[in-house]
Amino acid sequence: MSVESRGGRAQGGRARSGRGDAPARPARDAAIADLTALLAPAVAAAGFDLEEVDVRPAGRRRLVKIVVDGDGGVGLDDIARLSEKASGLLDESDVMGTSPYVLEVTSPGVDRPLTEPRHWRRAVGRLVVVPLAEGGQVEGRVVAADDEAVEIDVATGRAKGSGKGGGKSAGPRNTGTRRRRFGLGELGRGRVQVEFKPLDGGGSPVPPGEAEETRSPAEPD
């Protein structure tokens, strides 16, 4: 969801007097730091975490992107309220100078790296791939996470399956999982893996109301 601003203020806000013909364009890093300091307390007060702030050119304007998240997720109504609050704070401040900008408040995408304890906590139940500090990587399903460690059901091996008639191979399958606990210092930047709902035997999506199953490399057949 985006809220557009002109002349340094969000649409619908009070007009602001100019400060000269040349728009103020603070350095990107300084602008991000100032925006974070301005917005983080308000986002926290609303019950969410400010995950990222970014400022980039967007034609004659700048795009101010704010990424927020929460333990219960972020709904459209939450985005709308946070957009209104952030817009008001920007209207009342001089962080963006007098140049026009577009404000975008959004939730993290599935490609957001898992780096903080809260990221891992919110990934419980999800399939992830994560590099290990000592080398290599693991793939599995997150089953628990706290401020010190993450528990992952890791696939322990694969075996050739047998197809019907003639013993043709049905491809590799998982033979089991092993639950492992990793200290946060042992893990690199984890990534959630996209999983798709399976089709039923007729090749059509599973009907609503029926049990759905998601198979992952971290689960035995």
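Every number in this text was worked out from the coordinates using simple rules, so none of it is lab data. All figures in this text were calculated on a predicted structure; none of them were measured in a lab. Neighbour counts are summed over all protein chains in view; Cβ atoms, including those assigned to glycine, are modelled from backbone coordinates with ideal geometry.
Our coupling estimate for segment 100-117, obtained by passing each phi through the Karplus curve with A = 6.51, B = -1.76, C = 1.60 and θ = phi - 60°, is x, 8, 10, 9, 10, 10, 8, 9, x, x, 5, 8, 5, x, 8, 10, 10, x Hz, Gly and Pro reported as x.
Counted by Cβ distance under 15 Å from V53, the other residues give a net charge of -2, where Lys and Arg count +1 and Asp and Glu count -1. Database remark: amide H of L187 closer than 5 angstrom to the amide H of A133 (H placed geometrically; neighbours at sequence offset of 5 or more, or on other chains; Pro and chain starts carry no H). Distance from the Cα centroid of segment 77-113 to that of segment 131-155 is 33 Å (rounded to whole angstrom).
Amide H contacts under 5 Å for A46: none, restricted to partners 5 or more places along the chain or on a different chain, H placed in the peptide plane at 1.01 Å from N. Near V192, once Lys and Arg are set to +1 and Asp and Glu to -1 for all other residues with Cβ below 10 Å from its Cβ, the sum equals +2.
Other residues lying with their Cβ under 12 Å from the Cβ of L132 contribute a combined charge of -1, Lys and Arg counting +1, Asp and Glu -1. Between E116 and R179, residue separation times 0.36 nm minus the direct Cα-Cα distance comes to 20.6 nm. Here the gap between A45 and Q193, fully extended at 0.36 nm per residue and compared with their Cα-Cα distance, gives a gain of 50.2 nm.
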